[in-house]
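The values are calculated or read from the model by the stated rules, or taken from the named source; none is laboratory data. Being a predicted model, the structure only gives us computed values, none of them experimental. All Cβ positions, even for glycine, are placed from backbone atoms using ideal geometry, and neighbour counts span all protein chains on display.
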Amino acid sequence: MMSLDSITLYLVATMVAALLGAMMVFFGSQEKSPALKWWGTAYLLGAASVALWTAAGDKLGAQLYLALNAVGFVACGMVWNAARVFHGRKPNWPGLLFGALGWAAAVTLLDPAAATLRMLIGAGIVSVYAALTAGELWSERRKSLQRSWPVFAVPIMHGCVLMMPVLIGSFLRPNDPHFSTSIWVTVFAVELILYAVGTVFVIFMLVSERTVTAHKTAASMDPLTGMFNRRGFAEACSRVIEREAKAGRPVTVMIFDIDHFKSINDRFGHPAGDEMLKLFSTVVTTNLRISDLSGRIGGEEFAALLPCSLEEGVLVAERVREAFETSGIVVDEGPVDTTVSIGVAGGPAGTELEVLLAAADTALYQAKRGGRNRVEAAEELPLSLENWRRQTAARLPVPRPATA
């Protein structure tokens, strides 16, 4: 039966770790991700430390032996700090050095013959770092328990496997001189390879998840105002409407249209128009509750959904109108009028967003016909969205044929 040489396995583990570390440093530089650089550097340091210790452990002096092990513990601390940096927290510098300092104190103070105890302390330090890494990733999980379990399980399993040969050798077979070459050490060497690969899998799973989330967020947000765009607003409203329907509560939708916005762009330029859009978005978000939703659904058109009755929605709309009217923008040519027309529509629990928007749009049209800078509430919901679309199309001006 072919036996596995533990020294060879350790060298394979270090080569795998070095390759993965270089890959993470490269991708960290490409993606401008400090956390990936932390993880990659930790792998490179750990690989270098283990490789030198494995290849020339018997020939190393006491001081160099201590330094190599200290570097390995610093690498473990860097893995933990990488998890902190990944979630936007500052590195824990004392914690980064604590393992190396603890190991140095243990080697200095313990009897040189207490090799097993030193091994137990070293394995304990690595296990503590593995537990801290697991706790850091677990506390910041972004997915359900079922999908995020590898983030927690991989470092915890590593800590358990790391302690297993040490505990067995210390307490069950304390006087066995052949323990250092037993199957447990071989199992640990194999586990090092699996842990190196498994941890990188978890890291890239987290990075990929964050990238996908960032892309989804960018696709649903308006870059100028920071509010939801039409797509993001519709998706968020669907969830709120479903939630309110289960509780049997009504919802109200309002559509805002900044008055004479095109003429503002023509007279004062697009920068002034952009400033007005940003000002109005601030006015809307300031005068709505945290539970309310708002978004920019067109050029100068905004919308909001409020989990409340129509009467309450009209009061909120009036508050927004007054706040915007008194805000004002001053340019070199003088003050710019800041007025808005608002259409409000409410419906019973479970009313579809399109139905509410259609009714609010009709009310908005009435507000503009009534002189602008006013709030109009929809008298009723449209019986048919198709009829509403035909009525809306009928209001649009008919283009004149081009003349030769």
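Do we find a residue being at pLDDT below 75, assigned to a loop (DSSP other than H, G, I, E, B) and in the same structural domain as Val50 (by TED's automatic domain parsing) anywhere in the range 74-97? Scanning the range 74-97 turns up no residue that is at pLDDT below 75, assigned to a loop (DSSP other than H, G, I, E, B) and in the same structural domain as Val50 (by TED's automatic domain parsing).
Within the span defined as the range 369-380, every residue fails to be in the same structural domain as Ser263 (by TED's automatic domain parsing), surrounded by fewer than 14 Cβ atoms within 10 Å (Cβ to Cβ), of a type in the set (Gly, Ala, Ser) and at pLDDT below 75. Of all residues in the range 204-234, those satisfying the criterion of being within 19 Å of the chain's Cα centre (by Cα) and closer than 22 Å to Phe280 by Cα are Thr217, Ala218, Ala219, Ser220, Met221, Asp222, Pro223, Gly226, Met227, Phe228, Gly232. When Val284, Val330, Val320, Val336 are checked against the criterion of being under 27 Å from the mean Cα position of the chain (by Cα) and farther than 20 Å from Thr351 by Cβ, Val284 stands alone in meeting it. Looking at this structure, is Ala303 within 30 Å of Lys246 (Cβ to Cβ), touching a Leu at 6+ places or on another chain (Cβ under 8 Å) and at pLDDT 95 or above? Judged against the criteria, Ala303 is a match.
Before we move on, is Asp266 of a type in the set (D, E, K, R) and surrounded by fewer than 18 Cβ atoms within 10 Å (Cβ to Cβ)? When the stated conditions are applied, Asp266 passes them.
Only a single criterion out of (1) exposed (fewer than 15 other Cβ atoms within 10 Å of the Cβ); (2) of a type outside the set (Phe, Trp, Tyr); (3) touching a residue at least 24 places away in the same chain (Cβ under 8 Å) is not satisfied by Gln63, namely (3). What do you reckon, is Leu305 in the same structural domain as Ser341 (by TED's automatic domain parsing) and assigned to a helix (DSSP H, G or I)? Answer is no for this residue. Checked against the criterion of being in the same structural domain as Gly102 (by TED's automatic domain parsing), within 19 Å of Leu97 (Cβ to Cβ), part of a helix (DSSP H, G or I) and at pLDDT below 85, the candidates Leu68, Leu44 yield just one match: Leu68. Exactly one residue out of Glu244, Glu318, Glu235 is part of a helix (DSSP H, G or I), in contact with a Pro (Cβ under 6 Å, 6 or more places away or on another chain) and within 26 Å of Glu352 (Cβ to Cβ), and it is Glu244.
The number of residues in the range 272-317 being of a type in the set (Lys, Arg) and under 19 Å from Ala360 (Cα atoms) comes to 1. Can you tell me which residues in the range 260-302 are closer than 21 Å to Lys368 by Cα, in a helix (DSSP H, G or I) and of a type in the set (Phe, Trp, Tyr)? Selection gives Phe261, Phe280.
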